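Working notes, beginning with the structure itself.
The values are calculated or read from the model by the stated rules, or taken from the named source; none is laboratory data. What you see is a predicted model; the values in this text were computed from it and never measured. Cβ coordinates were reconstructed from backbone atoms using ideal geometry, including for glycine residues, and neighbour counts include every protein chain displayed. Only protein heavy atoms, including side chains, enter the accessible area calculation; ligands, DNA and RNA are left aside. Shrake-Rupley method; radii C 1.70, N 1.55, O 1.52, S 1.80 Å.
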Amino acid sequence: MSRAEPIADVCIVGVGGLGGIMAKELASAGLKVVGFERGPAPKRQDYAPRDSIRYLVRSDQLDWVRYEPTTTRKKAGEAARWQFRTSPLNVLGGALLHWTGQVSRYMPDDFKLYTNEILSGNAERAGADLSGYDIIDWPLSYDDLEPYYERFEWEFGVSGKAGKNPFAGPRKRGYPLPPLRHSARMLLFKEACEKLGYHPYYTPAGILSEPYRPPAPFDTRIPERPACVYCGHCNFYGCHVHAKAATLYTAIPVAVETGNFDLRTNSKVFRINSDGRGEVTGVSYFDPAGQIHEQSARVIILSAFVFEHVRLLLLSKTDRFAKKGLANSSGYVGRNILAHGDVRAMGAFDDFIINGFIGPGSAAMRIDDFNGNNFDHTGVGFIRGGTIGSSGDGTPVTRLDVLPPGVRGWGKEFKEFYCRYYTRTMDLNMQPETLPHKNNRVDLDPRARDRWGLPLPRVTFDFHQNERRLQKFMASVGEKIMRATGASRVWTEEKGRPNRWAGGTRMGADPKDSVVNEFCQTHDVPNLFIVGSSVFPTMSGYPPTATVAALCYRAAEFVLGQKHWFK
């Protein structure tokens, strides 16, 4: 069955972190907005329990995970395996519901990799092999995003101390809240880094150190939230006191209260409709009962996730003007996906209690001495770098793999080590960036289907020569820092694990090698926008959260400026 709905001004596909911001901004300006979220609207009891088995060990059984798998392989030609992911989190509010809370701005140089690394000669001096990579500059700068970074920090409540990181970009205003409390791992990391001549600073955190409500000139309609209680259950958990920033209980309620936001949960968009003249006209979707409907709209905004953005654009191809997929005249939809290659340095202390289970993972000290182009790369064989910090958590399940070489992960030996060292271990997290590579992409799986009969997104991703050398280097730096803490035993991981996805619908100045422009507007279709990390042409050592939020505020402002669309 199919039924047409009255036309909306804007249709938002995916009401997570960014969809929530976009809905608040547009509905508050008087536009009639319809928001589709394929997951449910959770109640506090759905995410508040401190249940590590449910949220970590068996996360693939969660309703907001198990219905939206991808398939994954390392290279073309391999058989792809099914994978259930917690990013994206298919629930109202999205991944901000269970993120760690790291919220750093990108550095100014992070936006100009082609200029700063290739044209400058840095890559040649480093002896880097960049064959297979596809590097371009962002079509905007740090200065373009600075006021929108500020808005995110003050509307969502970021705790930190500005001015302590010598590598950070300039800012007009500090953070709204002081840093979170110190932990033992923070102090050990700080002392070790200072001993080595590095520059540790407080990691800005999207978690409240004090009760907070945004002051004017920011959005005072967002309700006050309480401060962190340092329970240690942040990453993969919802915040039971709402101290962690999430649109579920900040931006989305404000959008609903305007009366201009029609929120539809458990509603899966499966196609973006177009008129054959170069504009989109609406979406087709399954309602909670599985019935098909059409929603017309003057503007469509995709704010789902990397994999779903690509899938929707490819599924929306037409015989007239989008034969390769919607907004894909360049052929770049799905190409050059990115992910951090996290590595760790770990230490066990015979004579010092860490108690790492206390406090949030984003209550951390970090250094950027080896991030981006902040150090001499001459002869190292790679470009770029990553951030290094004491972030992590200490709940029992998450410490099961913090084992030195030679200690088995089961049996008497494991139990003895775990009982002795559970409170005496810490790890450093290194987040080396990944360059855009032509072999890393998302497409439609030719065989695997979801419960609606739609092709699954197929992720083809591996780390290549620049990442492998960088990850090994970062592990060695982490080991050096860990030894400086005085740990009795130190060991490292040198092979990265993909985390924090980006790319697939990258932005650029040239429509021939990019999908969207600097305002997240697709080059091919003027009334179709894509917000999220999928628009990143390159990444940084930092998580993408602050940057995607800044891009979202900026895109919303641009949409509101096109008043002729909504007459």
Checking Leu180, Leu196, Leu187 in turn, the sole residue that is open to solvent by 50 Å² or more (accessible area, probe 1.4 Å) and modelled with pLDDT under 95 turns out to be Leu187
I'd like to check something: does the stretch 12-33 contain any residue that is crowded, with 18+ Cβ neighbours inside 10 Å, on the phi > 0 side of the Ramachandran plot and modelled with pLDDT of 80 or more?
yes
Residues in the stretch 57-66 that are touching a residue at least 60 places away in the same chain (Cβ under 8 Å) and open to solvent by 70 Å² or more (accessible area, probe 1.4 Å) total 1
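This table checks each residue for (1) assigned to a loop (DSSP other than H, G, I, E, B); (2) in contact with a strand residue (DSSP E or B) (Cβ under 6 Å, 6 or more places away or on another chain); (3) not β-branched (Val, Ile, Thr).
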site: Asp110; (1), (2), (3): no, no, yes
site: Ala123; (1), (2), (3): no, no, yes
site: Leu130; (1), (2), (3): yes, no, yes
site: Phe189; (1), (2), (3): no, yes, yes
site: Gly197; (1), (2), (3): yes, no, yes
site: Pro215; (1), (2), (3): yes, no, yes
Ala289 fails exactly one of (1) under 17 Å from Gly532 (Cβ atoms); (2) in a loop (DSSP other than H, G, I, E, B), namely (1)
Those residues of the stretch 329-366 which are under 30 Å from Pro457 (Cα atoms) and part of a loop (DSSP other than H, G, I, E, B) amount to Ser329, Ser330, Gly331, Tyr332, Val333, Gly334, Asn336, Ile337
For Lys164, the lone unmet condition from (1) out of contact with any Lys or Arg (no Cβ under 8 Å at 6 or more places or on another chain); (2) open to solvent by 30 Å² or more (accessible area, probe 1.4 Å); (3) closer than 30 Å to Asp513 by Cβ is (3)
Log entry, pairs with first residue in the stretch 549-567 being open to solvent by 40 Å² or more (accessible area, probe 1.4 Å), second being aromatic (Phe, Trp, Tyr), beta carbons closer than 8 Å, six or more apart or on different chains, reads Phe558/Phe519
* Residue within the stretch 345-368 that is surrounded by 18 or more Cβ atoms within 10 Å (Cβ to Cβ), closer than 30 Å to Asp510 by Cα, modelled with pLDDT of 95 or more and under 24 Å from the mean Cα position of the chain (by Cα) present -> no
Screening Glu153, Glu146 for residues that are part of a helix (DSSP H, G or I) and under 27 Å from Glu194 (Cβ atoms) leaves only Glu153
